[in-house]
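Since the structure comes first, as structure tokens, the remarks are kept for the end.
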Amino acid sequence: MIEIIPAIDIIDGRCVRLTEGDYERQTTYKSSPVDMVKTFADSGLTRIHAVDLTGARLGTPDALRVLEKMASVNGARIEWGGGIKTDDDFRDIFNAGATWAVIGSVAAKQPERFERWLNKRGGDTVILGADIRDGRVALSGWLDESDLTATDIINRFLPSGLSQVIVTDISKDGMLAGPSFGLYRDLMEAHPGIILTASGGISCMADIERLDRDGVPRVIVGKALYEGRITLRELSDAG
């Protein structure tokens, strides 16, 4: 059974969703991140994916106080990403209550640092975030690009104990047009030992059910949930 993870994207302390990773195309929602965590946890969805988009753009965590409040919600477990660049950043997000750290740009730009974090906390706690645009890994809140593919970066860290990867197809993110099924099938075939989380493009329960049939272990659901195309009851029943 696929594990369903609701998403909370944060800009200036507010819940937002971007379209195709474009900061100029954002929708802001009324509920606060903490209120959303409470709603998700009350529905049995206790693992929550949160991205500090302001921190990602600035290159340093911006919403640690928000993280503290989110992590204090009974039962909630937060996988947190955005702007984690230094050893202090890495330490601070765990001190603020994160259960998992999602690391993207550092893994691509400073692989030795990422390896050190993997060795320190282990693959059960440190997650590689591979955000893909046109087949290449995007960096710094999707504002920059690298020459790396998802396979390149996964292979780089397998010997260091990498076990969890979140792969987001930016071209699908926020579009409600369905995820990149072929991309995830190819990655699972190439990396059978990795726990893969699919992210981007989920539009309805049929998308989740198809990923489940394909054997994808986890899926992140964002805009479809906020826009009412998928209900919390449906996610709770499927999770």
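The values are calculated or read from the model by the stated rules, or taken from the named source; none is laboratory data. The structure presented is a predicted model; accordingly, all values stated were derived computationally and were not measured. Here Cβ is always computed from backbone atoms with ideal geometry, including for glycine, and neighbour counts include all displayed protein chains. What goes into the accessible areas is simple: the full protein's heavy atoms, side chains included, and nothing from ligands, DNA or RNA. Shrake-Rupley method; radii C 1.70, N 1.55, O 1.52, S 1.80 Å.
General observations
- Length gained on full extension, LYS109 to THR39: 21.6 nm, using 0.36 nm per residue less the C-alpha separation.
- For the chain, average projected area of the Cα convex hull in nm²: 11.0
- Listed residue (THR19, LEU118, GLY215) projecting farthest to the positive dipole end of the chain, Cβ model: LEU118
- When the chain is described by a simple charge dipole with +1 on each Lys and Arg Cβ and -1 on each Asp and Glu Cβ, the residue from SER160, ALA71, PRO61 located farthest towards its positive end is ALA71.
- For the set CYS15, CYS204, the ranking by accessible area, highest first and with no ligand, DNA or RNA atoms included, is CYS204, CYS15 under a 1.4 Å probe.
- Beta bridges assigned by DSSP with both partners in the range 87-239 are antiparallel in approximately 25 percent of cases.
- Extension gain from GLU68 to ASP92, taking 0.36 nm per residue of separation minus the Cα-Cα distance: 7.6 nm
- Accessible surface of the chain [probe 1.4 Å, protein heavy atoms]: carbon and sulfur percent: 43
- Annotation note: GluC sites (Glu not before Pro) in the range 48-123 located in DSSP loop regions with a Cβ neighbour count of at most 14 within 10 Å are absent.
- Centre-to-centre, using Cα atoms only, the range 52-77 and the range 171-233 are separated by 23 Å.
- Lysine pair number, Cα distance threshold 19 Å (strictly under), the chain, separation 8 or more or different chains: 9
- Amide H contacts of GLY129: ILE103, GLY104, ILE166, each under 5 Å away and 5 or more positions distant or on a separate chain (H built 1.01 Å from N in the peptide plane; Pro and chain starts excluded).
- Environment charge of THR60, counting only residues whose C-beta is closer than 12 Å and scoring Lys/Arg +1, Asp/Glu -1: -3
- The range 1-138, relative contact order [Cα under 8 Å, separation at least 6], %: 18
- Counting 0.36 nm for each residue step from ARG25 to ARG133 and taking away their Cα separation leaves a gain of 37.2 nm.
- Sparse-neighbour loop sites [trypsin sites (Lys or Arg not before Pro); the range 1-54; at most 11 other C-beta within 10 Å; DSSP]: LYS30
- Rh by Kirkwood over Cα pairs, then Stokes-Einstein D for the range 19-104 at 0.692 mPa s and 37 °C, µm²/s: 248
- Distance between the modelled labels on THR231 and THR149, one decimal in nanometres: 4.2 nm (7 Å Cα→Cβ projection).
- Total formal charge among the other residues, if their Cβ is under 14 angstrom from that of ARG213, Lys/Arg +1 and Asp/Glu -1: -2
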